[in-house]
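First the structure, in the form of structure tokens, and then the observations on it.
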Amino acid sequence: MGTNSEKLGMLKLAGAETIDPLRSLLKSSGLYALSSVTLPLISLVLAPFLTHTLSPFDYGVLTVLNTSISLTAGITQLGLGSAFFRAYSYDYSSEHDRRAVTGTVVMLLCLVSLPLISLIVLTAPLLAGLLLGRSSLGNAVALAATALLLQNLTVPGFAWLRAESRALFYSLLSIGNLLVTLLANVILVGVLHMGLAGSLLATGCGYGCVLVCTLPWLLLRSLFSIRADIMRNLLSFGLPLVVSFLSTWVLQLSDRYLLSIFSSFAETAKYAVAYTLGSAMGVVVLGPFTLAWPTAVYAIAKREDASHIFKLVFRWFGLFLLFSTFALSLVGIIVLDLLFPASYHSGANIIPIVASSVAFYGIAYVFGAGTILTRKTWWSIIFTVVAAAVNVALNLALIPFFGAMGAAVSTLVAYVIYALIAYVVNQRIYPVPFETGIFFVALVIGVMLYIGSDTLGRRFGLYAAWAISAGTLIVYGGFLALLVGHLSGTRFGLRKIKALVGTYVMKDALKS
């Protein structure tokens, strides 16, 4: 009896040791998710405010400059945010080495950022002429460069908070950055009427506050020198990430710049607003899923019926994505009608196209389980590069003729190709009988219902159109429910997915 009690105690201890890291993971993920969800909420307030206070031209210029900041930051940061996290948390353990890691990251960022930013400021009128077509916007380029410098200098502080698992402080600091940016925009743009320059200054204020909060730590926790071995460690890990970032930037953001060249800044502004509303599903639906999926993939793979579980995940998540695409497209259009100036309302048809693009990206995320399990994650870079090339080619072909709608269609086609390639490759390295036929049928029905409700709604007033769309959404939801109800073992499959996270922990404990 004593032996059994001892075994039971060991089993409970093993279970506790397994559950505690998961609890920590879930808690940290929830806190990080708090900051990621706050971003679109604040953007939902900031975007209507800026579109009402800035002209479409200025808002389009601001969109291009923010896109340029994103590109330049991704290059000049050299992947050091992720490289710091690995080096600090895994490769080095002593306090002295970790201080050297911090110092090396700070020095590398300064050595790369300061000369480049100085060059941009000195040549701002020339760059404004090349990038924006107006050398008179040189001051705006210089302000954007200053915001870029401040953003780069916040990288070590944010990375250290993640490495030390200080998720709450990280989230509060991230949210504080956004709130300061919002408040500064209200004061500088709304009250002081500083226009485009005020909005760029507000962005710099947000990053500046983060830097002020993390600067004392940088002074105390860093050895301000570059250690050769640490530099090699950081750059060997970080530089390949720059390639991945560039392909992602081309896929997701390059269309804004191409729109400004081949169309107009006003068209760029309209597209940016519609894209923001259409991509809300990326935060509302995909955000929580992408936080949980990497851990769940390994949990599912340990099961004997892993292939069946992956199939069920695709079934339920795929159909949920389609319903969410329909619903959030309608919500996005209502928000556009209510909160944005009338000059932006013509971008309503872009919203469902962008939302569909996000849905296909989510599908590709499920298809990519094989690349994770077989340690062939480099395939993801190939997927992105191919999709980015398709996106650019289609943008060049369609934007001159169709403007923002051409950019939206290019994005959708690129993400569809991304999902198709992910499916084909993963079926070769980790075959799963995904129910793609069911997904395709549900997709076609959803598209037909959406087009039908939109066409019918145009014949009536605004509120009647909303009512028609809401009724069509209910019909589509009923269709998806009936479709799922006719699939064999559906309820059992859903229970298995729900119970998976709880059961695999105790199963591992029993085996141990």
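The values are calculated or read from the model by the stated rules, or taken from the named source; none is laboratory data. In this text, all values refer to a predicted model and were calculated from it rather than measured experimentally. FYI the Cβ positions are ideal-geometry reconstructions off the backbone, even for glycines, and counts take in every protein chain you see.
So here's what we get for this one:
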{"read-out": "Any hit, the range 365-385, residues being surrounded by fewer than 22 Cβ atoms within 10 Å (Cβ to Cβ) and within 28 Å of residue 449 (Cα to Cα)", "value": "yes"}
{"read-out": "Single residue of the range 194-231 satisfying the filter (surrounded by 21 or more Cβ atoms within 10 Å (Cβ to Cβ) and touching an Asp or Glu at 6+ places or on another chain (Cβ under 8 Å)) that is farthest from residue 178 (Cα to Cα)", "value": "230"}
{"read-out": "From 460, 402, 440, residue being in a helix (DSSP H, G or I), in contact with a helix residue (DSSP H, G or I) (Cβ under 8 Å, 6 or more places away or on another chain) and aromatic (Phe, Trp, Tyr)", "value": "402"}
{"read-out": "Selection from the range 182-193 of residues that are surrounded by 21 or more Cβ atoms within 10 Å (Cβ to Cβ) and within 11 Å of residue 42 (Cβ to Cβ)", "value": "185"}
{"read-out": "Number of the condition not met by residue 494 [criteria: (1) at pLDDT 90 or above; (2) under 28 Å from the mean Cα position of the chain (by Cα); (3) farther than 30 Å from residue 378 by Cα]", "value": "(1)"}
{"read-out": "Members of the range 65-94 that are free of Cβ contacts under 8 Å to residues at least 12 places away in the same chain and part of a helix (DSSP H, G or I)", "value": "90"}
{"read-out": "Qualifying residue in the range 168-177 (condition: surrounded by 20 or more Cβ atoms within 10 Å (Cβ to Cβ), under 23 Å from the mean Cα position of the chain (by Cα) and more than 20 Å from residue 69 (Cβ to Cβ))", "value": "yes"}
{"read-out": "Some residue of the range 241-255 being of a type outside the set (D, E, K, R), more than 17 Å from the chain's Cα centre (by Cα) and buried (at least 17 other Cβ atoms within 10 Å of the Cβ)", "value": "no"}
{"read-out": "Matching residues, the range 119-132, being more than 12 Å from residue 65 (Cβ to Cβ) and in contact (Cβ under 8 Å) with a residue 24 or more places away in the chain", "value": "121"}
{"read-out": "Residue among 361, 423 that is closer than 22 Å to residue 245 by Cβ and either in contact with a strand residue (DSSP E or B) (Cβ under 8 Å, 6 or more places away or on another chain) or surrounded by 17 or more Cβ atoms within 10 Å (Cβ to Cβ) (or both)", "value": "361"}
{"read-out": "Scan of the range 275-315 for residues that are more than 21 Å from residue 326 (Cα to Cα), among the hydrophobic types (A, V, I, L, M, F, W, C) and in contact (Cβ under 8 Å) with a residue 40 or more places away in the chain, ordered by number", "value": "291, 292, 293, 296, 297, 299, 300, 301, 309, 310, 312"}
{"read-out": "Check on residue 235, in contact (Cβ under 8 Å) with a residue 24 or more places away in the chain, touching a Phe, Trp or Tyr at 6+ places or on another chain (Cβ under 9 Å) and either assigned to a helix (DSSP H, G or I) or under 30 Å from residue 50 (Cα atoms) (or both)", "value": "no"}
{"read-out": "Options 304, 267; residue that is among the acidic types (Asp, Glu) and buried (at least 20 other Cβ atoms within 10 Å of the Cβ)", "value": "267"}
{"read-out": "Helices (runs of 4 or more DSSP H) fully within the range 238-349 counting 3 or more residues that are on the phi < 0 side of the Ramachandran plot and at pLDDT 90 or above", "value": "254-262, 265-278, 306-339"}
{"read-out": "Residue in the range 162-172 that is within 28 Å of residue 55 (Cα to Cα), of a type outside the set (A, V, I, L, M) and out of contact with any His (no Cβ under 8 Å at 6 or more places or on another chain) present", "value": "no"}
{"read-out": "The range 323-335 - residue that is in contact (Cβ under 8 Å) with a residue 60 or more places away in the chain and within 19 Å of the chain's Cα centre (by Cα) and, of those, nearest to residue 368 (Cα to Cα)", "value": "325"}
{"read-out": "Residues (in contact (Cβ under 8 Å) with a residue 40 or more places away in the chain and either surrounded by fewer than 17 Cβ atoms within 10 Å (Cβ to Cβ) or within 18 Å of residue 67 (Cα to Cα) (or both)) located in the range 152-167", "value": "152, 165"}
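Every residue, every condition in (1) more than 20 Å from residue 309 (Cα to Cα); (2) modelled with pLDDT under 95; (3) over 17 Å from the mean Cα position of the chain (by Cα), yes or no:
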{"residue": "374", "(1), (2), (3)": "no, yes, yes"}
{"residue": "377", "(1), (2), (3)": "yes, yes, yes"}
{"residue": "383", "(1), (2), (3)": "yes, yes, no"}
{"residue": "410", "(1), (2), (3)": "yes, no, yes"}
{"residue": "414", "(1), (2), (3)": "yes, no, no"}
{"residue": "426", "(1), (2), (3)": "no, yes, yes"}
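So that you can scan it fast, the table gives a plain yes or no per residue for (1) modelled with pLDDT of 85 or more; (2) surrounded by 19 or more Cβ atoms within 10 Å (Cβ to Cβ); (3) closer than 30 Å to residue 272 by Cβ; (4) among the small types (Gly, Ala, Ser):
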residue	(1), (2), (3), (4)
1	no, no, no, no
4	no, no, no, no
16	no, no, no, yes
20	no, no, no, no
42	no, no, yes, no
46	yes, yes, yes, no
49	yes, no, yes, no
